[in-house]
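Beneath this line is the structure, given in structure tokens, with notes to follow.
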Amino acid sequence: MVFAHGSGSSRLSPRNRLVAAALQDNALGTLLFDLLSEAEAADRAAVFDIPVLASRLCEALDWIDHEGELARLRVGLFGASTGAAAALMAAAMRPNRVGAVVSRGGRPDLALEHLARVRAPTLLIVGGADADVLRLNRGALQALRCEKELQVVPGATHLFEEPGALEIVAKLAADWFIVHLPPAQRQ
């Protein structure tokens, strides 16, 4: 699974690292990397430049295409916050590479014009106490034309900092990827 972190985050995000560890525990490979340089990440406009973030994800997918056995596998994308918009846009841009998408507290509304072109099964996970993002995800769910599902984690806020909330996210994500990426196709 290739991770796309959200605004104000990095490959070192404890939340994404917890999810990555859970995916690894389920025999799912993970790739965490920074979508922006340190200087770019300090620029608030760059953090919300979804086309740039998506292009960086596409570059990672293209890199995977040249990595031996990985090249034949469909990839799962895990996006958080603005990274979810980038993951969905990348899935629309690379439909033959992306086999499944999971969004955690995502902002799919920032990729609204691309959602109808996403073919990969997509799981949107939102905290029940994150009312604005929940509303945006419900709207995005209607725009998606692929297999899709919205899971609401009761009582969780945007960062899923409540006890046990992130573990629920990790379990939902692992289950989604296991179902939608056949064993020979997981990465």
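Determine which single condition Glu167 fails, assuming it passes every other condition in (1) of a type outside the set (Lys, Arg); (2) farther than 20 Å from Leu88 by Cα; (3) free of Cβ contacts under 8 Å to residues at least 60 places away in the same chain. Unmet condition: (3). Within region 24-44, is there a residue that is farther than 11 Å from Val2 by Cβ and surrounded by 24 or more Cβ atoms within 10 Å (Cβ to Cβ)? No, region 24-44 contains no residue that is farther than 11 Å from Val2 by Cβ and surrounded by 24 or more Cβ atoms within 10 Å (Cβ to Cβ).
Given the conditions (1) surrounded by 12 or more Cβ atoms within 10 Å (Cβ to Cβ); (2) of a type in the set (Lys, Arg); (3) under 21 Å from Ala111 (Cα atoms); (4) more than 14 Å from the chain's Cα centre (by Cα), and given that Arg74 satisfies all but one, which numbered condition is not satisfied? The number of the failed condition is (3). Apart from one condition, Asn96 fits all of (1) more than 21 Å from Glu161 (Cβ to Cβ); (2) modelled with pLDDT of 95 or more; the exception is (2).
Quick grid of which residues meet (1) of a type in the set (A, V, I, L, M, F, W, C); (2) closer than 22 Å to Met1 by Cα; (3) buried (at least 17 other Cβ atoms within 10 Å of the Cβ):
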position	(1), (2), (3)
Val98	yes, yes, yes
Ser103	no, yes, yes
Pro108	no, yes, yes
Ala120	yes, yes, yes
Leu123	yes, yes, yes
Pro154	no, no, no
Ala165	yes, yes, yes
Ala174	yes, yes, yes
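Of the residues making up region 145-156, those that are within 16 Å of Ala84 (Cβ to Cβ) and more than 15 Å from the chain's Cα centre (by Cα) are Cys146, Val152, Val153, Ala156. Screening Ala116 against (1) of a type in the set (A, V, I, L, M); (2) open to solvent by 10 Å² or more (accessible area, probe 1.4 Å); (3) in contact with a Phe, Trp or Tyr (Cβ under 8 Å, 6 or more places away or on another chain); (4) under 14 Å from Met89 (Cα atoms) leaves a single unmet condition, (3).
Residues considered: Phe160, Phe177. Of these, the only one that is aromatic (Phe, Trp, Tyr), in contact with a strand residue (DSSP E or B) (Cβ under 7 Å, 6 or more places away or on another chain) and assigned to a loop (DSSP other than H, G, I, E, B) is Phe160. So is Ala90 modelled with pLDDT under 95, open to solvent by less than 10 Å² (accessible area, probe 1.4 Å) and either aliphatic (A, V, I, L, M) or closer than 20 Å to Ala21 by Cα (or both) or not? Here the answer is no, as Ala90 does not meet what is asked. Checking each residue of region 46-64 against the condition of being at pLDDT below 80 and either charged (D, E, K, R) or in contact with a Leu (Cβ under 9 Å, 6 or more places away or on another chain) (or both) gives at least one match.
Against the criterion of being open to solvent by 50 Å² or more (accessible area, probe 1.4 Å), in a helix (DSSP H, G or I) and charged (D, E, K, R), Glu149 does not qualify. Phe160 passes every criterion in (1) out of contact with any Cys (no Cβ under 7 Å at 6 or more places or on another chain); (2) within 26 Å of Leu70 (Cβ to Cβ); (3) not small (Gly, Ala, Ser) apart from (2).
The values are calculated or read from the model by the stated rules, or taken from the named source; none is laboratory data. Since the model is a prediction, treat every value here as computed from it, not as a measurement. Note that each Cβ is placed from the backbone with ideal geometry, even for glycine, and that neighbours are counted across all protein chains shown. These area figures cover heavy atoms from the full protein model, side chains too; ligands, DNA and RNA do not enter into them. Shrake-Rupley method; radii C 1.70, N 1.55, O 1.52, S 1.80 Å.
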